[in-house]
């Protein structure tokens, strides 16, 4: 699957008309478990000089217990976590030039919770198949998310197709290729807009 910016920034080298959304100083690396959010986010932070917020570390203990036991989280379970991530991202923007947040952000409403707090938030969707995700998660030894929850994540997934300020890329590409693409997209938008 080729990378596709789901925004008109790449098609329009001039600043967007007043009132249209512009890519801001924070992005979310999103996707199902096993897509490589943490790895890509760290590589992008290194290239862009950004501050990393690892979303999984903000889950309350009850969410971690549920996921460790193979119980999918509900919208209610995720709501407080998403609000906390949004506030942490906003707080870090006051301290850092750029912020990269890792968060599954599976549903549009989850992304909108983040967008409602963080102006001009961009999203990078790391796309892969259920089989690829399951293989990756099965190889991990240091994470609370079991491979048995992959199916529920894909059931919940609402790809961000057509949403503003989104870059979709294939998660199975080499890390350097993805990180360079994301950094170029993010920095390119700032050169055109800022």
Item to check | Segment residue 54-residue 151, length gained on full extension (0.36 nm per residue, minus Cα span) | outcome: 32.6 nm
Next on the checklist: Please compute the alpha carbon radius of gyration of region 22-193, then divide it by the globular-protein estimate 2.2 N^0.38 Å. Two decimals is fine.
Outcome noted: 0.97
Checklist entry - Given a Förster radius of 35 Å and the C-beta distance between residue 170 and residue 62 as r, what FRET efficiency does 1/(1 + (r/R0)^6) yield to the nearest 0.05? => result 0.55
Checklist outcome for this item: Exposure proxy check on 67, 30: fewest-to-most Cβ neighbours within 10 Å is 67, 30
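Values quoted throughout were computed directly from the atomic coordinates according to the rules given, and no laboratory measurement underlies them. Since the model is a prediction, treat every value here as computed from it, not as a measurement. So basically every Cβ, Gly included, is an ideal-geometry build from the backbone, and we count neighbours across all protein chains shown.
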